[in-house]
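Peer 1: My questions all concern the structure below.
The values are calculated or read from the model by the stated rules, or taken from the named source; none is laboratory data. As the structure is a computational prediction, the values presented were derived from the model and not from experiment. All Cβ positions, even for glycine, are placed from backbone atoms using ideal geometry, and neighbour counts span all protein chains on display.
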Number of protein chains: 2
Amino acid sequence: MTSAENLDQLCINTIRFLAVDAVEKAKSGHPGTPLGAAPMAYVLWDLFLRHNPNNPNWFNRDRFILSAGHASALLYSLLHLYGYDLPIDELKRFRQWGSKTPGHPEYGLAPGVEATTGPLGQGFAMGVGMAIAERFLAGYFNRPGLPIIDHHTYAIVSDGDLMEGVSSEAASLAGTLKLNKLIYLYDDNHISIEGETDLAFTEAVEGRFEAYGWRVLWVSDGNDLAAIEEAIRVAHAEQERPSIIIIRTHIGYASPKQDTAEAHGEPLGPEAVSATKEALNWPLEPTFYVPDTALAHFRRALKRGAQLEDEWNSQLERYRLDYPEMAELLDRVIAGVLPPSWDAELPSFHPDQGPKATREASGKAMNALAKHLSTFIGGSADLAPSTKTLLIGYGDFGFDEACGHNIHFGVREHAMGGVVNGMTLHGGVMAYGATFLTFSDYMRPAIRLAALMRIHSIFVFTHDSIALGEDGPTHQPVEHLMSLRAIPGLTLIRPADANEAVEAWRLAVQYRDGPIALALTRQKIPVLDPGRYPIAQGVSKGAYVLAKAEGGRPDIIIIATGSEVHLALAAQEALERNNIHTEVISMPSWELFNAQPEDYRAELLPPDVPKLAVEAGVTQGWREYVGEDGDVIGINRFGASAPGAIVYDKLGYNVDHVVQRAEALVRKKR
Amino acid sequence: MTSAENLDQLCINTIRFLAVDAVEKAKSGHPGTPLGAAPMAYVLWDLFLRHNPNNPNWFNRDRFILSAGHASALLYSLLHLYGYDLPIDELKRFRQWGSKTPGHPEYGLAPGVEATTGPLGQGFAMGVGMAIAERFLAGYFNRPGLPIIDHHTYAIVSDGDLMEGVSSEAASLAGTLKLNKLIYLYDDNHISIEGETDLAFTEAVEGRFEAYGWRVLWVSDGNDLAAIEEAIRVAHAEQERPSIIIIRTHIGYASPKQDTAEAHGEPLGPEAVSATKEALNWPLEPTFYVPDTALAHFRRALKRGAQLEDEWNSQLERYRLDYPEMAELLDRVIAGVLPPSWDAELPSFHPDQGPKATREASGKAMNALAKHLSTFIGGSADLAPSTKTLLIGYGDFGFDEACGHNIHFGVREHAMGGVVNGMTLHGGVMAYGATFLTFSDYMRPAIRLAALMRIHSIFVFTHDSIALGEDGPTHQPVEHLMSLRAIPGLTLIRPADANEAVEAWRLAVQYRDGPIALALTRQKIPVLDPGRYPIAQGVSKGAYVLAKAEGGRPDIIIIATGSEVHLALAAQEALERNNIHTEVISMPSWELFNAQPEDYRAELLPPDVPKLAVEAGVTQGWREYVGEDGDVIGINRFGASAPGAIVYDKLGYNVDHVVQRAEALVRKKR
C-alpha cells in the first residue's frame, strides 16, 4: 500500500468507527451500512463533492442526500470530519434528547443535512427534485461563460429505497427528464431486515434503471476506491442520463456480523465492535478516535470549500456586472424574497361574472403570480387540465426546455410530493404539485415530510368533496380534509369562493412556516361579493364572520368551509325568514384560526351561542369548534357516483336539511 | 372477412358502443379506452376467461380486474353482454344515483366486479394478491390429478397504472414470486390526461418488466385479434413468469378524437358519436343497440360457464371422496367460516410474566391462530422481526414453496396493502399485512380501498407512538391513529396490554364488517391482570371501565388507549391518594365503541363527570368524548429522537403531568 492508500484507509476507518462508536454509545442505531458504505462516501466526498463546510448554505454547492437515512451515523461522521459545525460531542449524543444527531437525519438540525430522510424512497425522490431545480435555475440564470448555477445532486440509496414505489416513480421521471447531473450510489449489500434481499427483491436493478433511461454503472467491490472514482467520473461525463452506480458492498463489513441482517438495525455489541476494530487494525480505545493525520486530511475540505465559494463569488461578481437585473433576481430567489409587486395582478372576482369553481380561480391566481414570480414552478400528476394548474405560456419543463415552468409529473403523486419537497429544499424556486384531494393519500408520506421539515412546499388539491359527482367514491374525498389537518405543521386552506381562493394563494406564497395545502372545488360555486363580505382580511385569520345575523345578535352560528359556505348563506336566509337570527362564519383554515389570539377566537365562537358546522367531510374533530351542544353536518361514510348536485343533496347538503338541523339546535337551547 | 370475423367485429363494436352510449347518456365518463381496448377484452373474455356468469362467486373462476377503472363502461358492457345479472337498464343508468354502474367499478355492486378500481395501480396490485392466493390455495389443496384450485388472474392495465409506484412494487414482487398465472394486458394507447404519454413516460416498459422477471409480449395492433389470442396463449404456456402483453391501441379508436387526450375523460359528444358509429358501420339508432347475433354469441358464455362449473363440481366430488377432510376444510375456507376451536390456543398473560410489548403478544396470538386457521397468510414490508408477525414454522411463501404462509413483501408497504386486499377478495384465505404505524401512510390508498370494499383485510401496525424512541420523528406516528380513524368503515384497535392484544386478534378474526387495523406498541408495557380487569368482555365494546373509582362515584374519568392506559392507572393511584376519586376507561377502539347502544355509551361517559383523555397522538377528535369541559393530553407536534422513555416523559406522558391536568379539571368543576 502506498502512503496515499494508507491515508485513504485511515480516513475510511475513521468514518466507520465514529459511526460504530456512536451507535454503540447510543445503544441504538444502524452500524452495518456505515461499515459497508464508508468507502463510497469517502470517495464521493473527498474527490467530487463541491461544498463549503463553513457555509452549508452556499447556493451552488453539490447536494448530497443520504436516502438510506437509517445510516445517519455515517452522515454525521462525514459532517463532523469534513468540518461542518457538528462537534464530536454531538456524535456522542447520537439519538439523544436535544442533540443535533437524531436517529434519522433531520433537515434543520445538523448543518449539511440537506433533507430529512428515513422513510425509504423519499430521499431518492427529493434528489430528483433538487436536480430539477438545478436544471431549471441553470436554464434560467446561466449565461455564456457564466454557469452560475452548476452543481450535481448525489445520493446514497439502499435496496429499501429502490423497492419503494416512490423511487420507481421518481426514477422514471428523472429518466424522462434526462437529469444527467443526478448521480446515485446504490449501496448494494444484499441484506434487508428480514434477511437476504433475494427473499423479496430478485429484480435486475440494472435492467430496470436502463429501462427508465438511466446510465447504469457497476462497481463489483465496494472497497475498490479507484473503481468507485472511475464510475463517478463516467457518470460526470454523462450528458443525457441520470446515473446509478451499483456498488456491491458488505453490510457490517469486517465485523463478525458481516453480511447478516443482524448488522442492519442494532448495535454490534462490545465484543463485535472489538473484533471489528481488530480486524481493521483500529485501536480499541479511545472510542470516537480521530487520528490527527486523518483529521488534517478531511479538514482540507474547509480550504477547498472556501476556494470553491470564492471562485463562485468572483464569477457572480462578473455576472452582476454583465447582468445586473438577473443578478438581483437571483439574489432575491435565493433569499426567498418576493418581488415588490408580486401580487399586483392577482384577480378579484365579482358575483356578476357568474359562479366559478375555486380550482378555476386558483388557476387564474397562479397565472397572475407566474408573471411576477420568475421561478414559480410545478405541475400536476397528469391532471393539469382538471386541477387548472397549468402556467399558460410558461413552457413544459424538460431536457430541451430547461426554463419551462410546467412539470409533467405523470400519474406519480408520490414522486411529485417528494420532487416538490426536493425543489423547495434546493431553494431558488417556489414549487407546487397538484392532484385531486383524494389522491393526497398517494403522496401522504411526502406531505408529512414537508411538514416535519417545515418547508414551503405548496400542494394544490382539487375536486375536494363528494360534489365532484360521477367519478364516485373512489375519487370523492371524505376523510381527507381531516386527515390532512391531523398532520402537525401542515396548513390547509379550503376557500369558500373564487376570492377566498385568491386570498389563499396570497397567503400560500407568503407563508414561511411550513407547507401549505389548498383544497379546491371541481364544481362551480357562487362568487361572494368582495364589496359586501370582508374576504381579504378574513381569510388570513383562518375564520371570520362572513354574514352577521340580523340585529347582530345571533341565535345560531353556522360555521362552514369551502363550497358549504354557500349552503350556510342560503340556510341563513331561510332561517332569518323564520326569525332565527343566524350568523355565518367562513372557516377556510383551522390552522390559521388556531394561531389567532385567544380573544379573537373566543369572540368569534362565543360559548353561549349554539353552533352548527357544515363541511362535506367526516365530522371528526369539529366538536372542538361547535362544543358539546353544537352539531355537525358531515359525511361519515363514503360518497356515491351520481351527478354532483344529486350526491350533494342526497347526503344532506341542502338548505332544508341545514335549516332543520339549525332549528333543532336553537330549540334545544331555548 | 369471414363470417366469423364479421361476428367478432360485430361483437367488439357492440361492446364499444354500449360503453360509448352509456357515457354519452350519463354525459360523463371515459369513452376512449373502451373504444381502443374492446378487442383485447373481447378476445380474453371470449376465448380464455373461465367464468360462469350465472354464478359470479364460483370459486375456481378466473379473476378479471379492470385496473384502468375509469374505463368502467367497458366492464359493464362485458358483464351485461356475457350474461351477468346486470340488465341493460343499469348501463342506461351509468353513473347515476343508486345504480349498479358507478363511475368506477365498485366491488359488491354489479356482479362480476372482482375489485373496486379507479385509483390507479390498485387493481394491478390486487391482481398480484389474487394470484398469490391462487398459488397458495392450489399448493395447499390440490392433489395429484385433482387441481381443485387452478385459475388465472387477468387484468387490463393502463399507462397510468404502470406509472404509479404501487404497481412497480407489486410487479417486482410478482416477478420475485414467479406468479406465472398472472397475465396482464397493457392498453398501450400513448395518451394520458395531459397529452402524449411521452410528456412524462418515456421509459421502456418492456425492459422494466423484463427486469422484474416478467415475460413481456407484444401486440403491435390492438385490433389484431389473432395476435392478441396468440400472445395470451404464449402467456398461458409460461411456467415461471407473470406475463404482460403490451398491446398498442388507439384511445377513442375510430372516433374523430382518436389518439387525443380529449377522448380520455369526457363524452364524445353527439356529433363525434355519430361519426364514430358511421366509421364503424354502426347504426346511429337505437342507442344501446345489441344485435341479436352478437347477443347470442356472447350468451354462449352462460352454457359454457355452467359446464365449467359442473366439471369443477364433479372434480370436487371426487376430491371429497378421496380427501374428505381437505374438502371440508376447503368448504369452510371458501365460506369464510372459522373452525370450531379456532381460538383454543389463544394465549392469556399474567402480570407475573413481566411487562410485554403488545406487538409481542400479537405475535403470540397470531401463531396460536395459525395452528387452527389453515389459510392464515400474510407478512410484513421487510419488518417481520420488528412487527413480530412471522408465523413460525409455517414457511416462506414462494415459487418453490407455494404452501408457505409468510410472505416477504419487501420494503413495499403500498403493494402489500393492495396484495392483502387482493388475497382477501380472492377468498379462501385470511390475509394480513404488517409494518410500522407511521408507514401506514405509504399504504393509505389501499387501506381506504379495503374500507370502501368492506373487505376483511387485516393490517398490523406496530411501533405505535413516540415511545418507540430513538428512531425519531420520521418513524414516530403522531397523527396516524386519528387519520386512520377518519377513514369510514375502518376499525382501529389499539390494545392496552398483552391481553387486550389477544382480544383484538379474537375480534379481528371474527369481524366481517370491513377491514381491521391493529396499533401495537414496540415498548414493553405492564400486563393487566385478567382476573382483576374485565378485559375479555371489555375490548369487544370498544371502551369499558377498567378500574372503578374508590367508592364507585368518580370525580374524574380518565380515558386512555394503548400504552397510555398504564399511565392512567398510575395517575389514578396518585389521584386517589389525594382523595380524588378516579375512574379509568380503556378505549381500544372508537369504532367498536361508537357501535354500542346509546345506553352503554351514555353510562360509560356520563355528562356530569369531567373527563381527561390520554393518548400519544394528536388531540384532534377527542373532544367528542371528553366534552367541552374535558381535557386531552395529546401530541400536536412531531416527536423526537431519544430513548423512548425519555421522549414519552418529555412530551408529557408522566404521572405528574396527568395528575396535574386531572386535578385542574376537578378544580374547574368544583
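Peer 1: When residues of region B:328-345 are filtered for being in contact with a helix residue (DSSP H, G or I) (Cβ under 6 Å, 6 or more places away or on another chain) and buried (at least 20 other Cβ atoms within 10 Å of the Cβ), how many remain?
Peer 2: Of the residues in that region, 1 qualify.
Peer 1: Does A:Gly552 fit the bill of being under 23 Å from the mean Cα position of the chain (by Cα) and at positive phi?
Peer 2: no
Peer 1: Right, here's the next one. What pairs can you find where one residue is in region A:278-307 and on the phi > 0 side of the Ramachandran plot, the other is in a helix (DSSP H, G or I), and their Cβ atoms are less than 7 Å apart, with a gap of 6+ or different chains?
Peer 2: A:Phe288/A:Leu18; A:Phe288/A:Asp21; A:Phe288/A:Ile88; A:Phe288/A:Leu91; A:Phe288/A:Lys92
Peer 1: Name the residue that is nearest to A:Leu66 (Cα to Cα), counting only residues in region A:1-55 that are in contact (Cβ under 8 Å) with a residue 12 or more places away in the chain and among the β-branched types (Val, Ile, Thr).
Peer 2: Once the filter is applied, the top-ranked residue is A:Thr33.
Peer 1: Related question: Return a yes/no flag: does region B:107-116 have any residue that is modelled with pLDDT under 95 and not basic (Lys, Arg).
Peer 2: no
Peer 1: Only one of these conditions is not met by B:Thr582: (1) over 18 Å from B:Ala486 (Cα atoms); (2) touching a strand residue (DSSP E or B) at 6+ places or on another chain (Cβ under 9 Å); (3) within 14 Å of chain A (Cβ to nearest Cβ). Which number is it?
Peer 2: If we test B:Thr582 against (1) over 18 Å from B:Ala486 (Cα atoms); (2) touching a strand residue (DSSP E or B) at 6+ places or on another chain (Cβ under 9 Å); (3) within 14 Å of chain A (Cβ to nearest Cβ), just (3) comes out false.
Peer 1: Could you list, in sequence order, all residues of region B:646-665 that are crowded, with 20+ Cβ neighbours inside 10 Å and over 21 Å from B:Ala519 (Cβ atoms)?
Peer 2: The answer is B:Val659, B:Ala662, B:Leu665.
Peer 1: Separate question: Hey, any hits in region A:142-157 for a residue that's part of a helix (DSSP H, G or I) and more than 24 Å from A:Tyr84 (Cα to Cα)?
Peer 2: The answer is no, given that none of the residues of region A:142-157 is part of a helix (DSSP H, G or I) and more than 24 Å from A:Tyr84 (Cα to Cα).
Peer 1: Let me ask another. From (1) without any contact (Cβ under 8 Å) to a residue 12 or more places away in the chain; (2) part of a loop (DSSP other than H, G, I, E, B), pick out the condition that doesn't hold for B:Thr521.
Peer 2: (1) is the only condition that B:Thr521 fails.
Peer 1: Looking at B:Ile447, is it touching a Ser or Thr at 6+ places or on another chain (Cβ under 9 Å) and either within 14 Å of chain A (Cβ to nearest Cβ) or over 16 Å from B:Arg512 (Cα atoms) (or both)?
Peer 2: Numbers: touching a Ser or Thr at 6+ places or on another chain (Cβ under 9 Å): yes; either within 14 Å of chain A (Cβ to nearest Cβ) or over 16 Å from B:Arg512 (Cα atoms) (or both): yes.
When the stated conditions are applied, B:Ile447 passes them.
Peer 1: Out of region B:193-240, which residues are among the basic types (Lys, Arg) and part of a strand (DSSP E or B)?
Peer 2: The answer is B:Arg215, and nothing else.
Peer 1: Of all residues in region A:371-405, which are of a type outside the set (S, T, N, Q), over 16 Å from A:Ala131 (Cβ atoms) and at the interface with chain B (Cβ under 9 Å from one of its Cβ atoms)?
Peer 2: A:Ala381, A:Asp382, A:Leu383, A:Ala384, A:Pro385, A:Leu390, A:Asp396
Peer 1: So B:Gly621 clears everything in (1) at the interface with chain A (Cβ under 9 Å from one of its Cβ atoms); (2) without any contact (Cβ under 8 Å) to a residue 24 or more places away in the chain; (3) crowded, with 22+ Cβ neighbours inside 10 Å except one condition, right? Which one?
Peer 2: (2)
Peer 1: Continuing with the same structure: Checking the conditions here, which among A:Ala517, A:Ala496 is buried (at least 24 other Cβ atoms within 10 Å of the Cβ), under 24 Å from the mean Cα position of the chain (by Cα) and closer than 25 Å to A:Met430 by Cα? Break it down stepwise before answering.
Peer 2: Details: A:Ala496 fails: under 24 Å from the mean Cα position of the chain (by Cα).
Going through A:Ala517, A:Ala496 in turn, the sole match is A:Ala517.
Peer 1: When region B:602-628 is examined, which residues are found to be assigned to a loop (DSSP other than H, G, I, E, B) and of a type in the set (Phe, Trp, Tyr)? Quick ask: steps written out before the conclusion?
Peer 2: Restricting attention to region B:602-628, the residues satisfying the condition of being assigned to a loop (DSSP other than H, G, I, E, B) are B:605-610, B:615-622, B:627-628.
Selection gives B:Trp622 alone.
Peer 1: Follow-up question, since we're still on this one. Please find, within region A:624-658, the residue that is nearest to the other protein chains (Cβ to nearest Cβ) out of those that are aromatic (Phe, Trp, Tyr) and within 30 Å of the chain's Cα centre (by Cα).
Peer 2: The qualifying residue nearest to the other protein chains (Cβ to nearest Cβ) is A:Phe638.
Peer 1: Now a separate question. Got at least one residue in region B:248-256 being over 29 Å from the mean Cα position of the chain (by Cα), among the basic types (Lys, Arg), assigned by TED's automatic domain parsing to the domain that holds B:Tyr84 and assigned to a strand (DSSP E or B)?
Peer 2: Within region B:248-256, one or more residues are over 29 Å from the mean Cα position of the chain (by Cα), among the basic types (Lys, Arg), assigned by TED's automatic domain parsing to the domain that holds B:Tyr84 and assigned to a strand (DSSP E or B).
Peer 1: Restricting to region A:629-645, what's the tally of residues that are surrounded by 18 or more Cβ atoms within 10 Å (Cβ to Cβ) and outside any loop (DSSP other than H, G, I, E, B)?
Peer 2: Count: 4.
Peer 1: Here is a list of conditions, (1) more than 20 Å from the chain's Cα centre (by Cα); (2) farther than 16 Å from A:Phe141 by Cα, and A:Ser374 meets all of them except one; can you say which number that is?
Peer 2: The one condition A:Ser374 does not meet is (2).
Peer 1: Something else: Tell me, which residue of region B:190-230 that is among the charged types (D, E, K, R) and within 11 Å of another protein chain (Cβ to nearest Cβ) is surrounded by the most Cβ atoms within 10 Å (Cβ to Cβ)?
Peer 2: Per the stated criteria, the residue is B:Arg208.
Peer 1: Would you point out which residue out of A:Glu285, A:Glu309, A:Glu325, A:Glu317 is more than 32 Å from the chain's Cα centre (by Cα), part of a helix (DSSP H, G or I) and more than 22 Å from A:Ile516 (Cβ to Cβ)?
Peer 2: A:Glu317
Peer 1: Are any residues in region A:339-366 more than 14 Å from A:Glu503 (Cβ to Cβ), in contact (Cβ under 8 Å) with a residue 60 or more places away in the chain and assigned to a loop (DSSP other than H, G, I, E, B), and if so, which ones?
Peer 2: Within region A:339-366, A:Trp342, A:His350, A:Gly354, A:Pro355, A:Ala357 meet the criteria.
Peer 1: Oh, and also: Is it the case, given these coordinates, that A:Thr582 is in contact with an Asp or Glu (Cβ under 9 Å, 6 or more places away or on another chain), hydroxyl-bearing (Ser, Thr, Tyr), over 23 Å from A:Glu503 (Cα atoms) and surrounded by 24 or more Cβ atoms within 10 Å (Cβ to Cβ)?
Peer 2: Working: in contact with an Asp or Glu (Cβ under 9 Å, 6 or more places away or on another chain): yes; hydroxyl-bearing (Ser, Thr, Tyr): yes; over 23 Å from A:Glu503 (Cα atoms): yes; surrounded by 24 or more Cβ atoms within 10 Å (Cβ to Cβ): yes.
Against the criterion (in contact with an Asp or Glu (Cβ under 9 Å, 6 or more places away or on another chain), hydroxyl-bearing (Ser, Thr, Tyr), over 23 Å from A:Glu503 (Cα atoms) and surrounded by 24 or more Cβ atoms within 10 Å (Cβ to Cβ)), A:Thr582 qualifies.
Peer 1: Another question about this same structure. With the requirement that a residue be more than 14 Å from chain A (Cβ to nearest Cβ) and either within 12 Å of B:Gly562 (Cβ to Cβ) or in a loop (DSSP other than H, G, I, E, B) (or both), what does region B:454-464 give you?
Peer 2: B:His456, B:Ser457, B:Phe461, B:Asp464
Peer 1: Next up: Criterion first (over 15 Å from the mean Cα position of the chain (by Cα) and crowded, with 24+ Cβ neighbours inside 10 Å) does A:Leu437 satisfy it?
Peer 2: Yes, satisfied.
Peer 1: Please enumerate the residues belonging to region A:162-189 that are in contact with a Ser or Thr (Cβ under 6 Å, 6 or more places away or on another chain), facing another protein chain (nearest Cβ under 7 Å) and either part of a loop (DSSP other than H, G, I, E, B) or crowded, with 24+ Cβ neighbours inside 10 Å (or both). Talk me through it step by step, then tell me what you get.
Peer 2: In the first step, residues of region A:162-189 are kept if they are in contact with a Ser or Thr (Cβ under 6 Å, 6 or more places away or on another chain); the result is A:165, A:168, A:176, A:182-183, A:187, A:189.
Now restrict to residues that are facing another protein chain (nearest Cβ under 7 Å): A:165, A:168, A:176.
Within region A:162-189, A:Gly165, A:Ser168 qualify.
Peer 1: Something else now. Taking region B:593-618 on its own, how many of its residues are without any contact (Cβ under 8 Å) to a residue 60 or more places away in the chain, under 19 Å from B:Asn654 (Cβ atoms) and within 13 Å of another protein chain (Cβ to nearest Cβ)?
Peer 2: Looking only at that region, the number is 1.
Peer 1: Another question, then. Select from region A:100-132 the residues that are in a loop (DSSP other than H, G, I, E, B) and in contact with an Asp or Glu (Cβ under 6 Å, 6 or more places away or on another chain) and write down the one among them that is farthest from the other protein chains (Cβ to nearest Cβ).
Peer 2: Here the residue is A:Pro111.
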